[in-house]
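Working notes for the structure below.
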Amino acid sequence: MAATNTMGTQSAPPAAAAEASRPRVRRILPPNAAAVAALLLTVAIWAGFALSARALSSSTLLPADAALLRFGLPLLILAPALWRRRRQLAAVRPAAALKIVCGAGVPFFLAAMYGGALTSAAFVGSLIPGMVPLFVSAIMVAGGRGAPRGTQAVGLVLIAAGAVALVGRHTVALDAEVLLGSGVLLVASGLWALYTVGLKEVGLDPVGSIGVLCLPSFAVLALLVLSGALPTGLADAAARDIALFAVVQGLGVGLAAGLLYAFAIRRLGAERASVTGSLSPVLVVLLAVWLLDEVPTLAVLAGVPLITAGVVLANRRPRQLRSLRRKVIADA
């Protein structure tokens, strides 16, 4: 028989013994997987927004009607939750709130709808989200952050080149309508960059962020409609159009995308979220061909891949990837 020596040994505490006996589970998903998934869902919803911006001109709704659905439905659904957050909402700094309200509120919405009516779904889906990384980088540099370098800088240059490829043909042909629409869409993109930065600054949860956006936006919109400054035809609109825009704009863009994008901003930061979110152009072009019978022009076929390639390069973080890989190996 083998003797068992129990002298001079000390039994491990129960908690430590339980921890030691617990099987170690290797982390499979990266730490920001949920935020990336939220952002990809947001991109899909943004594609629906781009299509609806183009489809509005052929519907029985006016821009003010779509805006009422966009900002009103989230308020109606989230009213109890927003009431519980009334103190946090009142404590938001005015400067950050102004970035959100201007960046994604009535000014952005009307600019996106008007620009979409003058151009195409491909332009809406490419210029608005595609140019946001450039505007966000400019805001960050103006705020004292360093200028982008390396592959990120190359990616931003490609994004700008893609935008030039989209608009250049119309500049040569002096297509005033498309040029005006493109300029309005660039304004909308700059406003969205303000919204992206403002979301990071307010520090609220996603529901609170929707409240900061929708409460003042709906109030301003209601005043404009009641005063006659913005015409409305909601009472005479077709039920099918109301239902479609209620789902796409109110439930999709206003509620779902608002919650998902705010969550992604808090986890990933403004720069990474704006860059990753720019992957929507390809999806918008494909859906526009299928649903709106839009035929991609040579400018679209050249500009969209340039924007997409720029997005991929601008979103690369080589040092972060190497450190994450070393951490995963160390934890294994």
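If I filter region 224-232 for residues that are over 15 Å from the mean Cα position of the chain (by Cα), at pLDDT 90 or above and among the β-branched types (Val, Ile, Thr), do I get at least one hit? The answer is yes, given that some residue of region 224-232 is over 15 Å from the mean Cα position of the chain (by Cα), at pLDDT 90 or above and among the β-branched types (Val, Ile, Thr). Do we have residue 67 as out of contact with any Cys (no Cβ under 9 Å at 6 or more places or on another chain), assigned to a helix (DSSP H, G or I) and surrounded by fewer than 22 Cβ atoms within 10 Å (Cβ to Cβ) here? The answer is no for residue 67.
Are any residues in region 39-96 more than 17 Å from residue 231 (Cα to Cα) and among the β-branched types (Val, Ile, Thr), and if so, which ones? Correct list: 42, 43, 45, 77, 92.
Per this entry, residue 60 is not counted among residues that are touching a Ser or Thr at 6+ places or on another chain (Cβ under 7 Å), more than 19 Å from residue 198 (Cα to Cα) and polar (S, T, N, Q).
Considering region 170-181, and only residues there that are buried (at least 17 other Cβ atoms within 10 Å of the Cβ) and out of contact with any Gly (no Cβ under 7 Å at 6 or more places or on another chain), the residue that is modelled with the lowest pLDDT turns out to be 170. Just so you know, in region 232-256 the residues that are touching a residue at least 60 places away in the same chain (Cβ under 8 Å) and small (Gly, Ala, Ser) include one that is surrounded by the most Cβ atoms within 10 Å (Cβ to Cβ), and it is 254. Just give me the residues in region 180-222 being in a loop (DSSP other than H, G, I, E, B) and under 16 Å from the mean Cα position of the chain (by Cα), in sequence order. The one that is in a loop (DSSP other than H, G, I, E, B) and under 16 Å from the mean Cα position of the chain (by Cα): 205.
Among the residues making up region 39-64, a single one is crowded, with 20+ Cβ neighbours inside 10 Å, at pLDDT 85 or above and not hydrophobic (A, V, I, L, M, F, W, C): 63.
From the list 67, 44, 50, 55, exactly one residue is small (Gly, Ala, Ser) and farther than 14 Å from residue 252 by Cβ. Which is it? Among 67, 44, 50, 55, only 67 is small (Gly, Ala, Ser) and farther than 14 Å from residue 252 by Cβ.
The values are calculated or read from the model by the stated rules, or taken from the named source; none is laboratory data. These numbers come from a predicted model, not from an experiment. Note that we place each Cβ from the backbone using ideal geometry, even for glycine, and neighbour counts take in every protein chain shown.
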